[in-house]
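First the structure, in the form of structure tokens, and then the observations on it.
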Amino acid sequence: MALELYNSLSHKKELFEPLDPNQVSLYTCGPTVYNYPHIGNYRAYVFVDTLKRYLKHEKYNVLHVMNITDVDDKIIRDSQIQGKTLHEFTEFYTEAFYKDIEMLNIMKADIYTKATDYIPQMLSMIETLIKKGYAYKAEDNSVYFDIHKDKEYGKLSQINVSELKNNADGRLIKDEYEKENAQDFALWKSWTESDGDIFWETSLGKGRPGWHIECSAMSIDKLGESIDIHTGGVDLIFPHHENEIAQSECSTGKDFVKYWMHNEHLLVDGAKMSKSVGNFYTLRNLIEKDISPLAFRYWLYTGHYRTRVNFTIEAVIGSSKALTRLYDAYKALGDVIGTVNTQYAQQLKDAMDDDLNTSKGIALIWELLKDNNLTPEDKKATLLDFDNVFGFNLSNLKELDIPEDVKQLAENRETARLNKDWNKSDEIRMKIQELGYEVKDTESGPVISKL
């Protein structure tokens, strides 16, 4: 089976064939750095990390670009509330984002692009759109994209501009809006007093870029006018990705993206995340509850990236226990690394070739561990091969710092077992549990882990 990926543009799975067989170009809409990203945001970043890991696993050379949106409506609003400069405000949350993705074991993008570094590229693109008749300067001195001029506008989100004519005759200065408000969108926003000292003096006048033009300009600058894959959450399909397509393709005259890939929403306790409802979680909130970021990563894999999932603390605690069992089982396999089992490797390939079926891949891990026909050495090698895709960081596991009294009890229990004194063995096992640890008997001997 060859790799098939679901393309949001065609609404079906398609055989993956990169534009250039020697390199896959991949662009990801990254964070808007006005706050800590929430766990829904991180579903998108774990998804693209898994996609990239699998492409690399299958020997594709991947060039990955991720943007950092460091100027937009929310950033201006919140930086002013905190009394900080744009740079001070966005740098704090940018660094927090980098720390979070490290904790999630997300591979770094090859290139991170900050919007404020690409103003010249944005201006050039806007000027091209004006010359071609797709954009115009309005009475408010802002520049707008005329969605009526683009005959293919709406092809990603499947909206029909002619049916929205009454709405679409107007203009929208806001970065974010819903489909029913589809109107000409801002490419360049003229300065207003509410912007304070955040502006650029340009050929288009004093102002700042709209959100949508940022990603188009950065993607084209770093990856070229046509790219293989563009990823993001389904919430970005409209208006952001629809507008990216319109301005990019009308500017260059070429297809912008071959494969659009989107992950579904993450709900919390059955509802959309909201601070007012009290179901809003960042990665830091999970850590405060003694839930590791990698346990959250494991939990995400139990559902398909295109399926809406419902996060609960109980569910992720279950995944945390499962990940701990995996770590314990891996360590119990010993220090020798054997050969990757070809049958299991092929089964993983079959699962991932089917639009990244991670839940099937996770099930394979447990089948592998239970398979008595494989040596511990080959199990270890195969698990490490799987981990190149799943990113649980098995190769860097550190031995648990077990207290000496727990180690001694485990030794005493093993002596009792060897003497077939089962009552004493059980009694010692209970004492170990009272101290917050458990001992499991494996082919390689007893393994101690924290409860």
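Odds and ends about this structure:
- Residue match in the stretch 212-221 (condition: more than 25 Å from residue 20 (Cβ to Cβ) and surrounded by fewer than 22 Cβ atoms within 10 Å (Cβ to Cβ)): no
- The residues on offer are 351, 329, 295, 345, and the sole one that is outside the structural domain of residue 37 (by TED's automatic domain parsing) and surrounded by fewer than 18 Cβ atoms within 10 Å (Cβ to Cβ) is 345.
- Selection within the stretch 369-424: residues that are among the hydroxyl-bearing types (Ser, Thr, Tyr) and surrounded by fewer than 14 Cβ atoms within 10 Å (Cβ to Cβ). The member of this set that is farthest from residue 300 (Cα to Cα) is 415.
- Lone unmet requirement of (1) closer than 30 Å to residue 188 by Cβ; (2) in contact with a strand residue (DSSP E or B) (Cβ under 8 Å, 6 or more places away or on another chain) for residue 34: (2)
- Among residues of the stretch 25-47 that are under 15 Å from residue 303 (Cα atoms), those with a Cβ under 9 angstrom from a residue that is assigned to a helix (DSSP H, G or I) and among the hydroxyl-bearing types (Ser, Thr, Tyr), sequence gap 6+ or separate chain, pair up as 46/301.
- Number of positions in the stretch 253-273 that are in contact with a Ser or Thr (Cβ under 8 Å, 6 or more places away or on another chain) and not charged (D, E, K, R): 7
- Check on residue 159, of a type in the set (Val, Ile, Thr) and either outside any helix (DSSP H, G or I) or touching a Leu at 6+ places or on another chain (Cβ under 8 Å) (or both): yes
- For the stretch 30-50, the set of residues classified as within 20 Å of residue 305 (Cβ to Cβ), over 9 Å from the mean Cα position of the chain (by Cα) and buried (at least 22 other Cβ atoms within 10 Å of the Cβ) consists of 31, 39, listed by residue number.
- Flag if residue 308 is under 18 Å from residue 231 (Cβ atoms) and outside the structural domain of residue 153 (by TED's automatic domain parsing): yes
- Here is the figure for the stretch 51-72: residues that are among the charged types (D, E, K, R), touching a strand residue (DSSP E or B) at 6+ places or on another chain (Cβ under 9 Å) and surrounded by fewer than 19 Cβ atoms within 10 Å (Cβ to Cβ) total 1.
- Restricted to helices (runs of 4 or more DSSP H) entirely inside the stretch 343-441, no element has at least 3 residues that are modelled with pLDDT under 95 and at positive phi.
- Subset of the stretch 105-120 (residues that are touching a helix residue (DSSP H, G or I) at 6+ places or on another chain (Cβ under 8 Å) and either crowded, with 20+ Cβ neighbours inside 10 Å or of a type in the set (Asp, Glu) (or both)): 106, 113, 115, 118
- Summed over the stretch 143-164, the residues that are under 23 Å from residue 221 (Cβ atoms) and touching a strand residue (DSSP E or B) at 6+ places or on another chain (Cβ under 9 Å) give a count of 4.
- Residue within the stretch 24-34 that is at pLDDT below 95 and outside the structural domain of residue 316 (by TED's automatic domain parsing) present: no
The values are calculated or read from the model by the stated rules, or taken from the named source; none is laboratory data. Treat the numbers as computed from the prediction; the structure is a model and nothing was measured. As a convention, Cβ positions derive from the backbone with ideal geometry for all residues, glycine included, and neighbour counts pool all protein chains shown.
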